[in-house]
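Asks: The structure is given below, and queries will be raised subsequently.
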Amino acid sequence: MRKKIIAGNWKMNMTPTEAVNLVNTLKPLVNNEDVDVVFCVPAIDIIPAMEAAKGTNIHIGAENMYFEESGAYTGEISPKMLEDAGVKYVVIGHSERREYFAETDETVNKKVLKALEHGITPIICCGESLTQREQGITIDWIRQQIKIAFLNVTADQAKTTVIAYEPIWAIGTGKTATTEQAEEVCAAIRACIGEIYDEATADAIRIQYGGSVNAGNAAELFAQPDIDGGLVGGASLKPDFGKIVCYNK
Ligand code: PGA
């Protein structure tokens, strides 16, 4: 049985002071022993959010990192910095990073390998645009993203990773994929992992759905056989996130 993993993606929201307040507000609301709970926060919020989350079930994650160890990369955060801070999860290749910051499947692959090298679990994002869905190439597109993201990743490493399927047209739009659409793609991702590796790896890997997840649709989405939780943007900044994490209570 795969343990569910529900992660908030704060994006570029919350000052350090606001971050501490939000962790304190959500702390009592996100108690669910059936779920791994992760708050992926802006880099500057990582340390104060961790302090605020001490002694709770909340893991603090990062929203991005660079694929080099150190050096002349002004403005970037290294995997070693995250590791030293005690970060266990990092979002890699979010569609906003791909769209606004020129990330590609190749840089995603480099980051995935680096995160794993440092003992950090990558939450690897994939997803199609509305045009791609209308063109009928969703599954082909996602399979390509997955195949490149996992190049040179061993089966044992792959088992520990998390994949987030996020249709771009559903992100921040209030337009959630239907349960059937979300399950279809998550099942196809699992099948693709099975092809690259084996059944044991496909069974072990956790696949999230993301895109306008809210307190009203979480339970149905997370009840699907191939959906092992969610990556939540907007709703992760509100007390509603507690309802999403406690979807089965
Ligand atoms: P949303 O964002 O929940 O606001 O749609 C999801 C995400 O981008 O991870």
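Asks: Would you confirm whether any residue within region 112-122 is of a type outside the set (A, V, I, L, M), in a loop (DSSP other than H, G, I, E, B), within 15 Å of the chain's Cα centre (by Cα) and modelled with pLDDT of 95 or more? First the steps, then the outcome.
Replies: Of region 112-122, the ones of a type outside the set (A, V, I, L, M) are 114, 117-119, 121-122.
Narrowing further to those that are in a loop (DSSP other than H, G, I, E, B): 118-119.
Okay, now just the ones that are also within 15 Å of the chain's Cα centre (by Cα), so none.
No - not one qualifying residue is present in region 112-122.
Asks: When you check ALA19 against the structure, is it touching a Lys or Arg at 6+ places or on another chain (Cβ under 9 Å) and either basic (Lys, Arg) or assigned to a helix (DSSP H, G or I) (or both), yes or no? Spell out the reasoning first.
Replies: Details: touching a Lys or Arg at 6+ places or on another chain (Cβ under 9 Å): no; either basic (Lys, Arg) or assigned to a helix (DSSP H, G or I) (or both): yes.
It is false that ALA19 is touching a Lys or Arg at 6+ places or on another chain (Cβ under 9 Å) and either basic (Lys, Arg) or assigned to a helix (DSSP H, G or I) (or both).
Asks: Would you pick out the residues in region 153-183 that are on the phi < 0 side of the Ramachandran plot and in a loop (DSSP other than H, G, I, E, B)?
Replies: To start, the set of residues in region 153-183 that are on the phi < 0 side of the Ramachandran plot comprises 153-171, 173, 175-183.
Selection gives VAL153, THR154, THR161, GLU166, PRO167, ILE171, THR173, LYS175, THR176, ALA177, THR178.
Asks: Among the candidates VAL213, VAL185, VAL232, single out the residue that is under 29 Å from HIS118 (Cα atoms) and either buried (at least 20 other Cβ atoms within 10 Å of the Cβ) or modelled with pLDDT of 95 or more (or both). Lay out the reasoning, then the answer.
Replies: Numbers: VAL213 fails: under 29 Å from HIS118 (Cα atoms); VAL185 fails: under 29 Å from HIS118 (Cα atoms).
Criteria check complete, one pass: VAL232.
Asks: Determine whether THR161 is under 13 Å from the mean Cα position of the chain (by Cα), crowded, with 16+ Cβ neighbours inside 10 Å and away from the ligand (no atom under 15 Å from the Cβ). Even if it seems obvious, please write down each step before you answer.
Replies: Numbers: under 13 Å from the mean Cα position of the chain (by Cα): yes; crowded, with 16+ Cβ neighbours inside 10 Å: yes; away from the ligand (no atom under 15 Å from the Cβ): yes.
In short, yes.
Asks: Across region 70-125, which residue is nearest to ALA52 (Cα to Cα) among those that are among the small types (Gly, Ala, Ser) and buried (at least 23 other Cβ atoms within 10 Å of the Cβ)? Walk me through how you get there before you give the answer.
Replies: Taking region 70-125 as the starting set, the residues that turn out to be among the small types (Gly, Ala, Ser) are 70-72, 75, 78, 85-86, 93, 95, 102, 115, 119.
The next check asks that each one be buried (at least 23 other Cβ atoms within 10 Å of the Cβ); those that pass are 93, 115.
Details: GLY93: 27, ALA115: 24 Å.
Among residues in region 70-125 that are among the small types (Gly, Ala, Ser) and buried (at least 23 other Cβ atoms within 10 Å of the Cβ), the one nearest to ALA52 (Cα to Cα) is ALA115.
Asks: While we're here: With respect to LYS175, determine if the residue is within 15 Å of the ligand (Cβ to nearest atom), of a type in the set (D, E, K, R) and free of Cβ contacts under 8 Å to residues at least 24 places away in the same chain. Lay out the reasoning, then the answer.
Replies: Details: within 15 Å of the ligand (Cβ to nearest atom): yes; of a type in the set (D, E, K, R): yes; free of Cβ contacts under 8 Å to residues at least 24 places away in the same chain: no.
For LYS175, the condition - within 15 Å of the ligand (Cβ to nearest atom), of a type in the set (D, E, K, R) and free of Cβ contacts under 8 Å to residues at least 24 places away in the same chain - is not met.
Asks: Scan region 132-151 and give yes if some residue there is in contact (Cβ under 8 Å) with a residue 40 or more places away in the chain, within 18 Å of the chain's Cα centre (by Cα) and outside any helix (DSSP H, G or I), otherwise no.
Replies: Taking region 132-151 as the starting set, the residues that turn out to be in contact (Cβ under 8 Å) with a residue 40 or more places away in the chain are 138-139, 142-143, 145-151.
Filter once more, keeping what is within 18 Å of the chain's Cα centre (by Cα): 142-143, 145-150.
Narrowing further to those that are outside any helix (DSSP H, G or I): 150.
Within region 132-151, one or more residues are in contact (Cβ under 8 Å) with a residue 40 or more places away in the chain, within 18 Å of the chain's Cα centre (by Cα) and outside any helix (DSSP H, G or I).
Asks: Which of the residues spanning region 206-239 are more than 10 Å from the ligand (Cβ to nearest atom) and either aromatic (Phe, Trp, Tyr) or out of contact with any strand residue (DSSP E or B) (no Cβ under 9 Å at 6 or more places or on another chain) (or both)? So that I can check it myself, show each step before the final result.
Replies: Step one: filter region 206-239 for residues more than 10 Å from the ligand (Cβ to nearest atom), giving 206-207, 215-229, 238-239.
ALA215, GLY216, ASN217, ALA219, GLU220, PHE222, ALA223, PRO225, LYS238, PRO239, listed by residue number.
Asks: Tell me the residue from ILE46, ILE5, ILE60 that is in contact with a helix residue (DSSP H, G or I) (Cβ under 7 Å, 6 or more places away or on another chain), within 22 Å of VAL245 (Cα to Cα) and assigned to a strand (DSSP E or B), please.
Replies: On the way: ILE46 fails: assigned to a strand (DSSP E or B); ILE5 fails: in contact with a helix residue (DSSP H, G or I) (Cβ under 7 Å, 6 or more places away or on another chain).
Just one listed residue meets the conditions, ILE60.
Asks: I would also like to ask the following. Can you name the residue in region 72-98 that is in a helix (DSSP H, G or I), in contact (Cβ under 8 Å) with a residue 40 or more places away in the chain and within 16 Å of the ligand (Cβ to nearest atom) and, of all such residues, is nearest to TRP141 (Cα to Cα)?
Replies: First, pick out the residues of region 72-98 that are in a helix (DSSP H, G or I): 79-85, 95-98.
Narrowing further to those that are in contact (Cβ under 8 Å) with a residue 40 or more places away in the chain: 79, 95-96.
Filter once more, so that each one left must be within 16 Å of the ligand (Cβ to nearest atom): 95-96.
On the way: SER95: 13, GLU96: 17 Å.
Restricting to residues being in a helix (DSSP H, G or I), in contact (Cβ under 8 Å) with a residue 40 or more places away in the chain and within 16 Å of the ligand (Cβ to nearest atom), the top hit is SER95.
The values are calculated or read from the model by the stated rules, or taken from the named source; none is laboratory data. This structure is a prediction, so every number in the text was calculated from the model and none was measured. Positions of Cβ are generated from backbone atoms using ideal geometry, with glycine treated the same way; all protein chains shown enter the neighbour counts.
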